[in-house]
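In what follows, a single structure is set out as structure tokens and then discussed.
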Amino acid sequence: MLSRSASNLYWMGRYLERADFLCRLIDATVRLASLPASHGGAGPAWESAIRSAAVDDGFLARNLPMDEAHVGWFLTLDPENPSSIRRCLECARSNGRAVRTSLTLETWEAVNDAWHEVQRFGTTIPDSTTLVRIAETIKDALLMFDGAAHRTQLREATYWFLRLGTTVERADNTARLLDVKYHLLLPRTEPVGGSLDYFQWTTLLRTVSALTAYRWVYRESVKPWLVADLLIFNRAMPRSLIACLEDAVWLLDQLAASRGRRGPANRIASTSLRTLAGSNIDTLFQSGLHEFLVDFVGENNRLGNAIAEQYLF
Amino acid sequence: MGVTARAFDETYGFGPYPDASGAGPLFGGDGAGPEVRAAYAQVAAWLRSAPPELLETRRRQAELFFRRIGITFAVYGDPDASERLIPFDIVPRVLAGSEWAVLEEGLTQRVQALNLFLADVYGPRECIRAGVVPEELVLLNPQYCMAAVGRRPAKDVWVHIAGIDLVRTGPDEFFVLEDNARTPSGVSYMLENREVMLRLVPELIHAVSERGGLRPVETYPETLLETLTSVAPNHCGAEPCLALLTPGIHNSAYYEHSFLADKLGVELVEGSDLFVSGDVLFMRTTEGPKRVDVLYRRVDDDFIDPLTFRQDSVLGVPGLVGAVHAGNLTIANALGTGIADDKAIYSYMPEIVRFFTGRDPILHNVPTWRCREADALSYVLDNLHELVVKETDGSGGYGMLVGPHATSEQREQFAARLKANPQHYIAQPTLALSTCPTLTAAGIAPRHVDLRPFVLTGANGTKIIPGGLTRVALKEGSLVVNSSQGGGTKDTWVLDGPEVGDMTGASTGPFEAEGGDIDGPFPGPGGLD
């Protein structure tokens, strides 16, 4: 496969995953913001959304009020924000267009449709309902994409590069999201029942579509350290850090098998997975959750760079 | 010269109806009105039986199909419409097998002449010595490519892929409007338009196949692959590595590039995917460098190698020309073919065809005034209102003046440009392009069309897929069919079988019996509002 095509597929995967994350973040934040400020709603909810999306610098530079109307718009339709859903889909589509022939008709149509969907909303958001509708619509369009890719793409390099982009982006998103809220996740001495932080935790779980999953896994009320455990160490949870690393290792193995040799990216991914698997939530809390997350994001970037280098992007 | 003021209608021939003031619907329900030519019999019957809503529904379905598959093109200089859909008309344009046979022979002759001409002007230059073409027009022509001088491409094929633009003015009169010998585009529409017709009007195709059938176009990719493989450098084994070079996703024909690469099963590459080492071309793949033997390039000479041509080009590959000259790489089309589709050279094509093939040209040339000649220039300036003036190296309908449709102000501005740089222009009479029935907002109405068949030449001769790109000027009365100027496309049907039959059944002859008082076939402007 052309290295440029591999790069296009990888980045298409990344951009689509990012758009999906933003949809879920907005969805969860709208719910949180509907609570009184004393419950962490209103303004702080949107500030936290901006930080979770790791676009705080870009937003502050625009000098806009930190409220739903502005943050919501910035994250969804703002044509100037390189990380808005609109721009992510635009980039995903142009990457897809550049490798049009590697995609099945269904997969291409799905990414093309997602882009047309967001285009239909224009560049302004008249009301809250529309903001929610954008998130819903795009989320659906992206589910369609995943389904099309899963059902129709050949299981070969094309698909693996696409999924690799998804996985690397997903690990990054989960780690950043956790880091923004890490102070809320630390175990405390005071009783947790009825804490106002409850809404913060459930918001976090919702953002990664894990609220129901949490209940199935732990069968108890939402406790912050278990939220962290679920999103870092639970292999069954598709957005957890360890699941992302497992996926990355597997995908890189497939690529290595088709190419006949392994490279630095394979080693970085396996090492990260081994290290993480050898740890647990208590150890992490002792050595510092924040430090761990910062390291993880750094390692994940290193993995991204190694992939680019290994496959000559 | 065979050019008439009145347009030939491909459905009816020269009927008595262009003045359709009291018009009724085309293909009127009772079958009254002028006789339909044999080739259009099934189409006419289908249009008669199909309710207008159905046609409109089908048209919308076609549009949806094209948008979904992303068959769009970019319009230069129009940021709002960077990805527009070329309007598609669901009424096919039909050519009888016998009509096609003539075209096929004429096109083969013409393209063979183009190839021989190129071999000659970059080689012995006999046609110049014989006075067929003026020396300075060749040697001082901006399209004359110094890098090709004294070179011979593999198997002596220069123009592997040609798109010859034809217009029709009468039952047996086809004129060549332009030869496209560089990187002609549009073949994806030939293929996709057929696909959409097969899906949307199966009943019509079925009716046609009962009467002899519709010749398929789907063999084009296969034939192109054979053509490209046949001209691979000698070092290659049975399976040379082919790639298609595109300028990238911002090019107006990018969809076509990706479409063709897909159908050919070859990599679609950009300049940055390629590099030359030791006069061998490689592409960068995830498995490491891979050698490329034949490059179907859709990038013009000027941009293809910054070491040889424009230094600021990032679309090409440094050293590519060296790889070609070392015999390690074949590029299609060869370097320097621009001289063959230069519009000033065009005017000499009848002489060129005669000189190289020893026969009279089967396809006519449109009479052309070369503005570089003083007499011609003054004639053109005096008659701007009835001429079409084109840049000799222009394409795509950009930078041309359609005299009869221009305002006097536009004509004055154009005249100034013409006087400043006469050698840059040629002029031609406004031809009465033939018309075809076309679905418009006001029902079926005649619109002007042209035709671009695609001619493939490899080591084993010249092949033409029966069909081509029919472009249609959707605006009433307009003669400009270019997609960048609001034109649309139609599927082009070549029927099987040699039967000529200008009229259906036992024709009673020409139309005078009907007189001018009966319903003409075409609604007048706004007639159905």
Straight distance only, please: which lysines reach the Cα of residue A:181 with their own Cα at less than 16 Å, same-chain residues fewer than 8 apart left out? A:223
Using the Karplus equation 6.51 cos²θ - 1.76 cosθ + 1.60 (θ = phi - 60°), what ³J(HN,Hα) coupling, rounded to whole Hz, does each residue of region A:63-68 give in order, writing x for Gly and Pro? 6, 9, x, 8, 9, 4
Evaluate peptide B:280-288: per residue, the Cβ atoms of other protein chains within 10 Å of its Cβ; return the mean as an integer. 5
Distant-in-sequence amide H partners of residue B:180 (H built 1.01 Å from N, under 5 Å): B:163, B:164, B:165
Under Karplus coefficients 6.51, -1.76 and 1.60, residue-wise ³J(HN,Hα) of region B:173-187 in Hz, glycine/proline x: 10, 10, 10, 7, 8, 7, 9, 9, 10, 9, 10, x, 10, x, 5
Amide H to amide H, which residues 5 or more places from residue B:452 or on other chains are under 5 Å from it, using H placed in the peptide plane? B:166, B:469, B:470, B:471
Alpha-carbon centroid distance for the pair region B:373-424 / region B:107-162, whole angstrom: 28 Å
What percent do you get for the relative contact order of chain A when only Cα pairs under 8 Å and 6+ apart count? 22 percent
Using the Kirkwood radius over C-alpha pairs as Rh, can you work out the diffusion coefficient of the protein assembly as shown via Stokes-Einstein at 37 °C, viscosity 0.692 mPa s, in µm² per second? 107 µm²/s
For region A:154-313, what is the relative contact order in percent, using Cα pairs closer than 8 Å and at least 6 residues apart in sequence? 30 percent
Can you give me the distance in nm between label points at residue A:267 and residue B:146, each placed 7 Å from the Cα along the Cα-to-Cβ direction? 5.2 nm
Once normalised by the length of region A:61-210, the mean sequence separation of its alpha carbon contacts under 8 Å that are 6 or more apart gives a contact order in percent of 19 percent
Quick one: what are the phi-derived ³J(HN,Hα) couplings along region B:261-277, Karplus 6.51/-1.76/1.60 with θ = phi - 60°, whole Hz, x for glycine and proline? 4, 5, 5, 7, x, 10, 5, 9, 10, 10, x, 6, 7, 10, 8, 10, 9
Among the GluC sites (Glu not before Pro) within region A:1-109, which fall in a DSSP loop and have no more than 11 other Cβ atoms within 10 Å of their own Cβ? A:80
Sort out for me the Cα centre separation of region B:179-204 from region B:276-298, rounded to whole Å. 30 Å
How long are the semi-axes of the equivalent ellipsoid of region A:242-282, taking √(5λ) for every eigenvalue λ of the Cα gyration tensor, in whole Å from largest down? 23, 10, 5
So, in nm, how far is label residue B:54 from label residue A:151 when the simple model puts each one 7 Å beyond its Cα toward the Cβ? 3.1 nm
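Computed from the coordinates by the stated procedures, all read-outs in this text should not be read as laboratory data. In this text the structure is predicted, and so the values were computed from the model without any measurement. Methodologically, a virtual Cβ is constructed for each residue, glycine included, from the backbone with ideal geometry; neighbour enumeration extends over all protein chains shown.
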